[in-house]
1. Here are some residues: LEU45, LEU69. Which one is in a loop (DSSP other than H, G, I, E, B) and surrounded by 12 or more Cβ atoms within 10 Å (Cβ to Cβ)?
2. Among all residue pairs at least 6 apart or on different chains, which show Cβ distances below 9 Å where the first residue, located in region 93-109, is in contact (Cβ under 8 Å) with a residue 60 or more places away in the chain and more than 14 Å from GLY125 (Cα to Cα) and the second is surrounded by fewer than 23 Cβ atoms within 10 Å (Cβ to Cβ) and of a type in the set (Phe, Trp, Tyr)?
3. Pick out the one residue from ALA93, ALA28, ALA115 that is modelled with pLDDT under 95 and either in contact with a Leu (Cβ under 8 Å, 6 or more places away or on another chain) or among the aliphatic types (A, V, I, L, M) (or both).
4. Surrounded by fewer than 19 Cβ atoms within 10 Å (Cβ to Cβ), under 17 Å from the mean Cα position of the chain (by Cα) and in contact (Cβ under 8 Å) with a residue 12 or more places away in the chain: is that true of TRP26 in this structure?
5. When ALA114 is evaluated against the numbered criteria (1) in a loop (DSSP other than H, G, I, E, B); (2) touching a strand residue (DSSP E or B) at 6+ places or on another chain (Cβ under 8 Å), which criterion, by number, is the only one it fails?
6. Please determine, by comparing only the residues of region 34-60 that are among the hydrophobic types (A, V, I, L, M, F, W, C) and within 11 Å of the chain's Cα centre (by Cα), which one is farthest from CYS100 (Cα to Cα).
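The values are calculated or read from the model by the stated rules, or taken from the named source; none is laboratory data. The shown structure was predicted, so the numbers you read here are calculated from the model rather than taken from an experiment. FYI the Cβ positions are ideal-geometry reconstructions off the backbone, even for glycines, and counts take in every protein chain you see.
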Amino acid sequence: MIFVDTGIWFARFAPDDPAHQRVVAWFAANDQTLVTPDYCVDETLTLLVARHHIRRSIEAGRHFFDRSLADLHYLTVDQLHRAWILFQQRAAAGWSFTDCTSKIVIDELGIKTAAVLDEHFRQFGIEVVP
């Protein structure tokens with residue numbers, strides 16, 4: 001199972017993103033199950049709209065919610081509370097709240113690999129691809 005972060009999703013759906021070709025090639029070669037949390041879906045759809053990719057945001061949303069790209073993990077109240085505690089400890093290091101929710105999900109699901117463009121994930125102690 002591979003965790004997929006917002007940056008990867010954005011690059012997949014935004015052809016003007018510098019990592020687009022590399023990310024699309026990675027998706028084409030990947031045969032493992034992908035998982036992404038609802039907070040990354042929110043960030044991705046919002047970022048696509050903010051960067052004027054409205055049609056692509058709708059397309060991405062369809063794929064997320066029909067689960068054709070990845071398993072969608074919804075954070076629990078307990079996970080959000082633990083992410084809030086982690087955020088208070090790591091915000092000064094530049095971690096976003098969504099990074100903290102991602103760390104909680106990765107740890108709970110025992111995920112060893114993450115598809116990310118965010119350097120903070122290297123601090124999680126997991127393999128980073130692509």
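1. On the way: LEU45 fails: in a loop (DSSP other than H, G, I, E, B).
Answer to the selection: LEU69.
2. THR101/PHE87
3. Working: ALA28 fails: modelled with pLDDT under 95; ALA115 fails: modelled with pLDDT under 95.
That would be ALA93, the only listed residue that is modelled with pLDDT under 95 and either in contact with a Leu (Cβ under 8 Å, 6 or more places away or on another chain) or among the aliphatic types (A, V, I, L, M) (or both).
4. On the way: surrounded by fewer than 19 Cβ atoms within 10 Å (Cβ to Cβ): yes; under 17 Å from the mean Cα position of the chain (by Cα): yes; in contact (Cβ under 8 Å) with a residue 12 or more places away in the chain: yes.
When the stated conditions are applied, TRP26 passes them.
5. In the conditions (1) in a loop (DSSP other than H, G, I, E, B); (2) touching a strand residue (DSSP E or B) at 6+ places or on another chain (Cβ under 8 Å), ALA114 misses (1) alone.
6. Here is the first cut: in region 34-60, the residues among the hydrophobic types (A, V, I, L, M, F, W, C) are 34-35, 40-41, 45, 47-50, 54, 58, 60.
Now drop any that are not within 11 Å of the chain's Cα centre (by Cα), which leaves 34-35, 40-41.
On the way: LEU34: 19, VAL35: 16, CYS40: 11, VAL41: 15 Å.
My answer is LEU34.
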